[in-house]
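Let me begin by presenting the structure, written as structure tokens, before commenting on it.
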Amino acid sequence: EESSPEVELPVAYGRSFTVHGRNDVVAWCSFDELCLAEVGAAEYRAIAQAFPILVLIEVPKLSTKNHNEARRFITLVDELYEHKCSL
């Protein structure tokens, strides 16, 4: 499997999302990249469609203090599940 540092994934409406770590099968992203940034279901769907496996690193303990991040994480898990992408 060839390793490459990053890839631009087309999302929707002319937008794209950069995955900074990946190989042919696995994408790896930090929690902050996917759940703290202004990204959502369309970006998560693009990742799930491009890679069968996502490794999510640096996941904090979630609480009511980080409600928005927790909601994004739930949306991420839903999109990955829908597209049969392993987390």
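The values are calculated or read from the model by the stated rules, or taken from the named source; none is laboratory data. What you see is a predicted model; the values in this text were computed from it and never measured. Virtual Cβ from ideal backbone geometry, glycine too; neighbours counted across all protein chains shown. Quick note on the areas: whole protein, heavy atoms, side chains included, nothing else; ligands and nucleic acids left out. Shrake-Rupley method; radii C 1.70, N 1.55, O 1.52, S 1.80 Å.
Taking θ as phi - 60°, what are the ³J(HN,Hα) couplings along the stretch 62-70 by the Karplus curve (6.51, -1.76, 1.60), each to the nearest whole Hz, with x for Gly and Pro?
Result, rounded to whole Hz: 9, 8, 5, 5, 10, 4, 4, 5, 5.
When you count, for each residue, the other Cβ atoms within 10 Å and take the mean per peptide, how do 13-26, 58-71, 41-54 rank with the highest first? Before the final figure, lay out each step's value.
Values: 13-26: 13.6, 58-71: 11.4, 41-54: 19.4.
Going from most to least packed, we get 41-54, 13-26, 58-71.
Rolling a 1.4 angstrom probe over the protein heavy atoms, how many square angstrom per residue are accessible across the chain? Spell out each step's value before the answer.
Working: 5490 Å² over 87 residues.
So the chain comes to 63 Å² accessible per residue, rounded to a whole number.
Of all DSSP beta bridges located in the chain, what percent are antiparallel, nearest 5? Could the numbers behind the result be given before it?
Details: 7 of 13 bridges.
Roughly 55 percent of the beta bridges in the chain run antiparallel, per DSSP.
What are the semi-axes of the equivalent ellipsoid of the chain, taken as the square roots of 5 times the eigenvalues of the Cα gyration tensor, listed largest first and rounded to whole Å? Could the numbers behind the result be given before it?
Values: eigenvalues 85, 40, 30 Å².
They are 21, 14, 12 Å, listed from largest to smallest.
Taking H as built 1.01 Å from N, whose amide H comes closer than 5 Å to the amide H of Val11, not counting residues under 5 places away?
Ser16, Phe17
Using only DSSP helix segments of four residues or longer, with each worth -39500 (n - 2.57), what per-residue ellipticity at 222 nm results for the chain after dividing by its residue count and rounding to 500?
On the way: 2 runs with 26 residues, N = 87.
That calculation yields -9500 deg cm²/dmol at 222 nm.
Rounded to the nearest 20 Debye, what is the dipole magnitude of the chain about its Cα centre when Lys and Arg each give +1 and Asp and Glu each give -1 at the C-beta? Intermediate values should be presented prior to the final figure.
On the way: 8 positive and 14 negative charges, 78 e Å.
So the dipole magnitude of the chain works out to roughly 380 debye.
Would you work out which of His20, Leu54, Cys35 lies farthest towards the positive end of the dipole of the chain? Charges go on Cβ: Lys and Arg +1, Asp and Glu -1.
Towards the positive end, the residue furthest out is Cys35.
Relative to the longest principal Cα axis of the chain, at what angle does helix 41-50 sit, 0 to 90 degrees, rounded to 10?
Long axis of 41-50 versus the principal axis of the chain: about 30 degrees.
Apply the Karplus curve 6.51 cos²θ - 1.76 cosθ + 1.60, θ = phi - 60°, to the phi angles in the stretch 9-18 and return the couplings in whole Hz, x for Gly and Pro.
With coefficients 6.51, -1.76 and 1.60, one gets 9, x, 10, 6, 6, x, 7, 9, 9, 9 Hz.
Would you mind telling me the share, in percent, of accessible area of the chain contributed by carbon and sulfur at probe 1.4 angstrom? Don't skip to the answer; put the middle values down first.
On the way: 2840 of 5490 Å².
About 52 percent, which is the carbon plus sulfur part of the accessible surface.
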